[in-house]
1. Starting from the stretch 2-24, take each residue that is under 13 Å from I40 (Cα atoms) and list its partners that are within 7 Å of the ligand (Cβ to nearest atom) and in a helix (DSSP H, G or I), counting only C-beta distances under 7 angstrom and pairs at least six apart or across chains.
2. So which pairs qualify, if the first residue must be in the stretch 82-108 and more than 15 Å from D48 (Cα to Cα) and touching a residue at least 12 places away in the same chain (Cβ under 8 Å), the second must be surrounded by fewer than 24 Cβ atoms within 10 Å (Cβ to Cβ) and of a type in the set (K, R), the Cβ gap must be under 6 Å, and the two must be at least 6 apart or on different chains?
3. Can you name the residue in the stretch 141-164 that is touching a residue at least 12 places away in the same chain (Cβ under 8 Å) and hydrophobic (A, V, I, L, M, F, W, C) and is also nearest to I17 (Cα to Cα) among such residues?
4. In the stretch 1-21, how many are more than 9 Å from the ligand (Cβ to nearest atom) and either crowded, with 21+ Cβ neighbours inside 10 Å or among the aliphatic types (A, V, I, L, M) (or both)?
5. What is the residue count in the stretch 83-137 for residues that are within 17 Å of N47 (Cβ to Cβ) and of a type in the set (A, V, I, L, M, F, W, C)?
6. How many residues are more than 12 Å from the ligand (Cβ to nearest atom), in a loop (DSSP other than H, G, I, E, B), closer than 21 Å to N79 by Cα and of a type in the set (A, V, I, L, M, F, W, C) when one looks only at the stretch 98-155?
7. Being under 17 Å from I40 (Cα atoms) and within 16 Å of the ligand (Cβ to nearest atom): is that true of P76 here?
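What follows is calculated from the coordinates using simple rules that are stated; it is not laboratory data. Keep in mind the model is a prediction, meaning the values are calculated, not measured. Reconstructed Cβ throughout: ideal geometry from the backbone, glycine too, with neighbour counts over all protein chains shown.
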Amino acid sequence: MMKNVAVLVGSLRAASINRRFAEALAKLAEGRLAFRFVEIGDLPIYNDDLWAEPPAAVTRLRQDIAAADAVLLVTPEYNRSYAPALSNAIHWATRPWGQNAWAGKPAAITGTTPGATGTAAGQNALRHLASSVGLDLMIFPEVYWTWKDTHFDGSTLTDAESAKFLSGWIDAFSGFIDRHTKVAA
Ligand SMILES: Cc1cc2nc3c(=O)[nH]c(=O)nc-3n(C[C@H](O)[C@H](O)[C@H](O)COP(=O)(O)O)c2cc1C
């Protein structure tokens, strides 16, 4: 059966290039991986007191992660680091203590910016947090993506060379997920 990937996009704005990039990846992955977008914009800022009556958004997030074969974190770069919406979601799903939803899930990180460095600093900062919560990260190959409007029509990649490169990365991630499943079984 096709593996499903929970996709978390760190930007909450409607016109997010990271969301468009993630949607373009989802289209490229069709038939190989099923990308399922996870809502993180309605999570409250992490507060331990809220566990007294867990917010519905938190319960839903934990269920979405539990149901996923793998996780894709798509982060914008904010001040050479990752987006707070993403770290907020990551912290929520590590709790309650002893019920960390991320532990042992195969995962990858990507992201895009109009800037020349392609979110390299932001993604590398996120690697530390993602591996700290027990995600099994695919470190290589990497995708640091400098956004160019001319390569996309909405959320569809129109640039053939980019599509070929990103398609290769999807194959690598799919292979990583398959190998992981064998090891864990
Ligand atoms: C608070 C803030 C900090 C930013 N810092 C960086 C940065 O360090 N490096 C970078 O390449 N772009 C930076 N940017 C620009 C973002 O890459 C750009 O706004 C991008 O469109 C954000 O992603 P989104 O379209 O998915 O929301 C920053 C933007 C914001 C709002």
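1. If the second residue must be within 7 Å of the ligand (Cβ to nearest atom) and in a helix (DSSP H, G or I), the pairs left are V9/N18; V9/R19; G10/N18; S11/N18; S11/R19.
2. A101/R62
3. W147
4. Of the residues in that region, 7 qualify.
5. 6
6. Residues meeting the conditions: 1.
7. Spelling it out, P76 is indeed under 17 Å from I40 (Cα atoms) and within 16 Å of the ligand (Cβ to nearest atom).
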